[in-house]
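The values are calculated or read from the model by the stated rules, or taken from the named source; none is laboratory data. These numbers come from a predicted model, not from an experiment. Glycine gets a Cβ as well: all are built from the backbone with ideal geometry, and neighbour counts include every protein chain shown. Quick note on the areas: whole protein, heavy atoms, side chains included, nothing else; ligands and nucleic acids left out. Shrake-Rupley method; radii C 1.70, N 1.55, O 1.52, S 1.80 Å.
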Amino acid sequence: MTIPNYITIFRFILVPFIVMALLSGSVGAALVGFVIAGVSDGVDGYIARRYDQRSELGAYLDPMADKLLLVTLFVALGFLSELPVWLVVIVVSRDILIISAVLLSTVMANPVEMRPLFVSKANTALQIVLVAFTLADMTFQFSFGAGRTILVWMVALLTAASSTAYLVAWTQHMAGYEQNRKQDEDDTPGRT
């Protein structure tokens, strides 16, 4: 356990408080919590790099904390009709698809290493911007209007592109595994 890992665990703990604040009408508190979570994400990354405190556990925990925060906020904002339900379904479905693919490949004894793709990083960044804009709009009544609508569509397109890219990578990985397994079976002595 390193300092960055403790900061990441703090982000996990922060998530239910942010969602509870949002659902109870304390949108300003939810926005503050979201900003704190974002700053802590930057701080743990900086400490990990600067003081060489990177760890395998942190490599798994950090993106999990980010995803938990974003997915729960997307669901809560969809529930409050601040984000379209269809967008929430697309965002959540993408994450379920990726998790299912990783679990299936692991069960089949062919674990796939899911490295974040550029399109996925861009998608996550845009999701963060959309959530921040939405919370700020709810808190301060900025009325971003068309800007928010454009962000919604950009997130939808990037989420679809990210899902497709991961699905293609996973399919190629699994196809290569099947070919290698068949070749190994054919090369086994005693087989005709």
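For the chain, the mean residue ellipticity at 222 nm estimated from helices alone is -29000 deg cm²/dmol, where every DSSP H run of n ≥ 4 contributes -39500 (n - 2.57) and the total is divided by all residues, rounded to the nearest 500.
Projecting the Cα positions of Val119, Ile9, Gly147 onto the charge dipole of the chain (unit charges on Cβ atoms of Lys, Arg, Asp and Glu, taken about the Cα centre) puts Gly147 furthest along the positive direction.
Taking Ala165, Ala59, Ala48 as the candidate residues, the one with maximal mean-square fluctuation in a Gaussian network model of the chain, Cα springs under 10 Å, is Ala59.
Counting chymotrypsin sites (Phe, Trp or Tyr not before Pro) as exposed when in a DSSP loop with at most 16 other beta carbons within 10 Å, what is the longest stretch of the chain free of them?
Working: sites that count: Tyr51, Phe142, Phe144.
My reading of the result: 52-141 is the longest stretch.
Work out the P(r) tail for the chain: percent of alpha carbon pairs separated by more than 25 Å, whole number. The answer is 46 percent, as a whole percent.
What number comes out for accessible area per residue over the chain if the probe is 1.4 Å? Units Å², please.
Numbers: 11210 Å² over 192 residues.
The answer is 58 Å² per residue.
Under a Gaussian network description of the chain, with springs only between Cα atoms under 10 Å, the residue in Arg115, Arg148, Arg94 that fluctuates furthest is Arg115. Gain on full extension, evaluated as 0.36 nm per residue between Ala109 and Ala160 minus their Cα-Cα distance, stands at 15.6 nm. Projecting label points 7 angstrom from Cα along Cα→Cβ for Leu68 and Val168 puts them 3.3 nm apart. What you get for the chain, charging only the Cβ of Lys and Arg (+1) and of Asp and Glu (-1), is a dipole of about 320 debye around the Cα centre.
Extension gain for Ile99 to Val129 (0.36 nm times residue separation, less C-alpha to C-alpha distance): 8.4 nm.
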